[in-house]
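See structure below.
Every read-out reported here was derived from the displayed coordinates using simple, explicitly stated rules and does not represent laboratory data. Since this is a predicted model, take the numbers as computed values, not measurements. Virtual Cβ from ideal backbone geometry, glycine too; neighbours counted across all protein chains shown.
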Amino acid sequence: METGPIGLRPDAQEPFLALLAETGAGQAAFVALLQGAWVGARSTLGADIGVLWLEGVERICPPEAICQSIPRSSTSAHWKRHLKHAAGGTTPAWKSASPHGTSGRRVSASTRSCGRSRTIGRGNPFAAQLHSHILQVTTCDLDKAFRAFLRPLKGSEKPGYPRFRGRDRFDSFGLKEYGNGFRLDGRRLKVTGIGRVAVRWHRPVKGEVKTLRIRRQAGLWYACFSCDAQPEFLPSTGAEVGIDVGIASLLTMSDGEHTENPRWYRSEQGRLRIQQHQVARRKLGGANRRKAVRAVPRQHEHVANRRMDFLKKLVYDLISRYDRIAVEDLQIPNMARNPHLAKSILDAGWGTFRMHLYFKAAWAGKTVVAVAPAYTSRTCSGCGAVFEPLTLADRWVRCDCGLSKDRDENAALNLLALGRSAWGITWPVAASVPQEAAGL
């Protein structure tokens, strides 16, 4: 890929050159930063499933202290200067910084970010009031944002320059060590600088609590725990299935079972339209407008919670019944570009379903494989003949070999055949998907 004089893509140079001009840092300093703090990525979930990370989200009832401290933290000019210093700032530290420590060994970006946060905390009266982990986690978040911006692009991807989080967009802070800044005190959560906070526990905490992130979403506060726990394998059933996702039916199984698509967003769209009209009719700056504005994200959160609850229960049902599952490797962002189907595709939550299926299957000791979906709908699952022509309006397929099936059931059988090939199991009949499909 073509890069500019400082090793960046041409479309990424302009904002960084503007940053250099604003902060007064030199080009050599910026290159040193690229070679040190923002190079490399860290995996959040390893390939081994011996130990996995679980995230438990609990709703909390914050005292007045948290409501006063977080908005002040997120909007203060001192906080903005901290983020600017973390990204390079106005100090000449870049010019003398080295990615290697005093021992000569390479130091990770996270270690340098933590050291930078401690330096800022000692010289900033506002930052000195906060726990050091809050500054460090914020700096690491900033580091992740710029690593994502600088990553190599795939196809037609367009990078988004990290945006500064203002008062309405900075709604979380994190603590990264249990017992150092936070701990559980019975049924309450004790956080340094805030005190004991009541928590509405929706399930017991499993494993060893490692980190905490407190976030505000739609006016409500949540505590997200990362725990170190061991996998819980489910009993083996010996069953296998191919799954075709769709809009008319959310899931169609190779055994003929269909799962209805609840269409969560469309069912609540009328309510959302009313609430957005109420916001438009309220007077700017008034208390009634603020109240109406808060109702809109809560309704969106309600829709998202309904979708997530349904998909998680569906995933658990699948991994409880089947040992091996074959799903479509769909390019959902590309499919969502269709202006006629985008809303229905995104409302169905195909990506969320597949993500949770992968994670829960690994946790339960089951196997999930994603296979190429090309030609699976147009190929006869009985003899391998290709149906020509076949449009989206054709929901039933018939073949000269005698096969007569629902289009999605036929595709699910082909997906199962491809899945068996990936598992090394011989397909018991002569049907096969055309070889050219695998390369598409």
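Odds and ends about this structure:
- The residue list Ala342, Gln299, Phe310 was ranked by how far each Cα lies along the charge dipole of segment 290-377 toward its positive end, using unit charges on Cβ atoms, and Gln299 comes out on top.
- For Ala361, the shell of other residues with beta-carbons less than 14 Å away shows a net charge of +2, using +1 for Lys and Arg and -1 for Asp and Glu.
- Cβ-based exposure ranking for Trp396, Trp363, Trp350, Trp201, in which fewest neighbours within 10 Å come first: Trp396, Trp201, Trp363, Trp350
- DSSP beta bridges fully contained in segment 226-380 are about 40 percent antiparallel.
- Qualifying trypsin sites (Lys or Arg not before Pro) for segment 245-337 [loop in DSSP, other Cβ within 10 Å: at most 13]: Lys283, Arg337
- Remark: the Cα gyration tensor places segment 180-294 in the oblate category, a/c being 1.5 or greater and a/b not exceeding b/c.
- A simple charge model with +1 on the Cβ of Lys and Arg, -1 on the Cβ of Asp and Glu and nothing else charged puts the dipole of segment 276-343 at about 860 debye relative to its Cα centre.
- Gyration tensor verdict on segment 256-327 (Cα atoms; rounded if a/c is under 1.5, prolate if a/b is larger than b/c, oblate otherwise): prolate
- With contacts taken as Cα pairs under 8 Å at a separation of at least 6 residues, segment 178-251 carries a relative contact order of 18 percent.
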